[in-house]
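Down below is the structure, laid out as structure tokens.
The values are calculated or read from the model by the stated rules, or taken from the named source; none is laboratory data. Since the model is a prediction, treat every value here as computed from it, not as a measurement. Quick reminder, even Gly has a Cβ in these numbers, built from the backbone with ideal geometry, and neighbours come from all protein chains shown. All accessible areas refer to the heavy atoms of the entire protein, side chains included, with ligands and DNA or RNA removed. Shrake-Rupley method; radii C 1.70, N 1.55, O 1.52, S 1.80 Å.
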Amino acid sequence: MKKIDISIIIPTWNRSRALIECISQILSEDILDTNIEIIVCDSHSTDQTNENLNNFIIKEKITNVKIVQCEENNVSSKRNIGILSANFDHIILLDDDCLPTQDYLKSYIEYFKKIDNRTIICGQYRTCQHLLKKSNYLKYRDSRNYKNETHLVDLNKTLEYKNIVTGNLGFKKDFILKNKILFNESIIGYGGEDVDWAWRLINSGFKIIKSNIKVFHNETSNSISSYSLKYFHYSFGAMPNLIKYNYSAASNLPFFFLENPNDKIIKKFQLFFIRALLNNFIIKPMIYFVEVTDKYSFCYISILYRVIILRAYIDGIFERKKNTLKQSDTKKDWYSKGYK
């Protein structure tokens with residue numbers, strides 16, 4: 001068996017504390033006969049990420065972590081630059097707000113030994129059990145993630161493109177490059193680039209498999225109010241570009257029925273009707289209720305979260321009429337707080 005060396009690519013932006021915790025967790029795992037490099041792709045974060053990470057590297061005498069500064073705060077660009085600059089064929093994509101679980105690298109190595117060039121290993125986002133017991137919001141967020149509890153390496157459990165987890169994912173680089181399937185850097189803002197990439201992979205003959213490899217996702221949103229902002233920005237910024245560049249991928253996503261680009265009259269009527277139905281007199285008390293009762297499990301009603309998110313998505317569509325997201329905007333306002 002050929003030796004398996006791994007390049008781990010971590011895009012980051014204004015999350016230096018979480019980033020260093022993530023890297024520290026990776027480096028704590030003892031792996032024999034395997035070279036590991038960690039490529040951090042930043043875009044000149046304003047929270048001293050570069051300085052803090054360099055201090056950490058010097059203090060811990062680390063030799064296998066390098067920082068690449070990208071011009072734009074674009075997660076697709078960061079991942080592409082990381083992939084192209086990687087020294088090794090086996091790639092792990094990891095997000096800066098994720099903490100790998102025990103034997104994370106060993107688990108990936110076991111999968112890498114068995115996959116072919118057209119197989120993508122998709123890991124899982126999970127939430128710590130003690131947090132799930134304390135928060136209905138985190139319970140809802142965790143319920144949206146797929147789960148695979150098997151301890152065996154099973155290459156037959158495939159995943160739909162729209163359920164891909166690019167923040168915890170592995171593949172062989174050379175065949176991806178040979179088929180010219182990198183992330184679309186024209187899909188800017190928050191979201192969309194992952195499902196576009198996954199759709200193109202599957203339609204080029206690749207398969208995405210469910211693995212048992214887990215990370216604990218240190219959710220940057222701690223309430224439905226902050227999480228619904230992600231859906232607002234996803235709707236406003238990323239979705240129009242996803243529709244433009246990959247209509248087929250976009251058309252099977254949740255809430256696409258609100259887009260209905262082929263019939264603008266019906267779309268306009270539908271949006272105004274739903275927004276009127278889900279007016280602030282309905283939504284604000286709903287948000288208040290789920291946040292005030294967050295720690296009481298008997299008050300958990302999952303449909304309320306979906307309704308709140310639906311309204312946020314519709315607000316994003318209406319915002320498109322006023323503004324268009326530009327690449328330069330992704331270092332300002334909401335994005336400046338560390339969201340991708």
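For residue 281, what is the net charge nearby, where nearby means another residue's Cβ is under 13 Å from its Cβ and Lys, Arg count +1, Asp, Glu -1?
Once positives and negatives cancel, what remains is +3.
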Nearby aspartates and glutamates by direct alpha-carbon distance to residue 295 (threshold 16 angstrom, same-chain neighbours under 8 apart not counted): 142
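Which chymotrypsin sites (Phe, Trp or Tyr not before Pro) in region 248-340 pass both tests, a DSSP loop state and at most 14 other beta-carbon atoms within 10 Å? If you can, show how the numbers build up before the last one.
On the way: sites: 255, 256, 257, 269, 272, 273, 281, 288, 289, 296, 298, 300, 305, 313, 318, 334, 335, 339; in loops: 255, 296, 300, 339.
Passing sites in region 248-340 are 296.
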Eligible lysines near residue 332 by straight Cα distance, threshold 21 Å, same-chain separation 8 or greater: 78, 230, 321, 322, 340
Mean Cβ count within 10 Å, highest first, over the residues of peptides 242-250, 76-84, 185-193: 185-193, 76-84, 242-250
Residue-by-residue Karplus 3J(HN,Hα) for region 220-226, coefficients 6.51, -1.76, 1.60, Hz, glycine and proline x: 6, 8, 10, 7, 5, 4, 6
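Take every Cα pair under 8 Å in the chain that's 6+ residues apart, average their separations, divide by the length, and report that relative contact order as a whole percent.
Values: 552 pairs, mean separation 70.0, N = 340.
21 percent.
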Proximal aspartates and glutamates relative to residue 106, as straight alpha-carbon distance under 14 Å, when same-chain residues fewer than 8 apart are discounted: 5, 29, 30, 33
Acute angle (nearest 10 degrees) that the helix 75-85 long axis makes with the longest principal axis of the chain, alpha-carbon atoms: 10 degrees
Contact order relative to length of region 98-208, as percent, for alpha carbon pairs under 8 angstrom and 6 or more apart: 35 percent
Accessible carbon and sulfur surface of region 1-102 relative to its total accessible area, %, 1.4 Å: 46 percent
Å² of accessible area per residue within region 100-171, as computed with a 1.4 Å probe and no ligands counted: 48 Å²
Rel. contact order, % - alpha carbon contacts under 8 angstrom, at least six apart, region 157-295: 26 percent
Volume in Å³ per residue [convex hull over Cα atoms, computed for region 175-265]: 140 Å³
Rounded FRET efficiency, nearest 0.05, which uses the C-beta distance separating residue 319 from residue 247 and R0 of 25 Å: 0.75
For residue 157, residues with placed amide H under 5 Å, excluding near neighbours: 210
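Counting Lys and Arg as +1 and Asp and Glu as -1, each charge on the Cβ, what is the dipole of the chain about the Cα centre in debye, to the nearest 20? Display every interim value, and only then the final one.
Numbers: 48 positive and 37 negative charges, 207 e Å.
The calculation lands at about 1000 debye.
What share of the DSSP beta bridges in the chain is antiparallel, in percent to the nearest 5?
On the way: 11 of 33 bridges.
The antiparallel proportion sits near 35 percent.
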Built amide H within the under 5 Å cut-off of residue 120, gap 5+: 207, 208, 209
Whole-Hz ³J(HN,Hα) from phi, Karplus 6.51 cos²θ - 1.76 cosθ + 1.60, for region 291-299, glycine and proline x: 7, 5, 9, 4, 8, 9, 4, 5, 9
For the chain, calculated [θ]222 nm from helices alone, where every DSSP H run of n ≥ 4 adds -39500 (n - 2.57): -12000 deg cm²/dmol
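Just list whichever of 173/326; 162/337; 114/207 have alpha carbons separated by over 20 Å in the model shown. If you can, show how the numbers build up before the last one.
Details: 173/326 30 Å; 162/337 26 Å; 114/207 14 Å.
Exceeds cut-off: 173/326; 162/337.
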Amide H partners (placed H, <5 Å) of residue 213, local residues excluded: 124
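Write down the percent of antiparallel bridges among all DSSP beta bridges whose residues are both part of region 96-236, to the nearest 5. Write out the running numbers ahead of the final one.
Working: 6 of 13 bridges.
Antiparallel bridges make up about 45 percent of those DSSP assigns within region 96-236.
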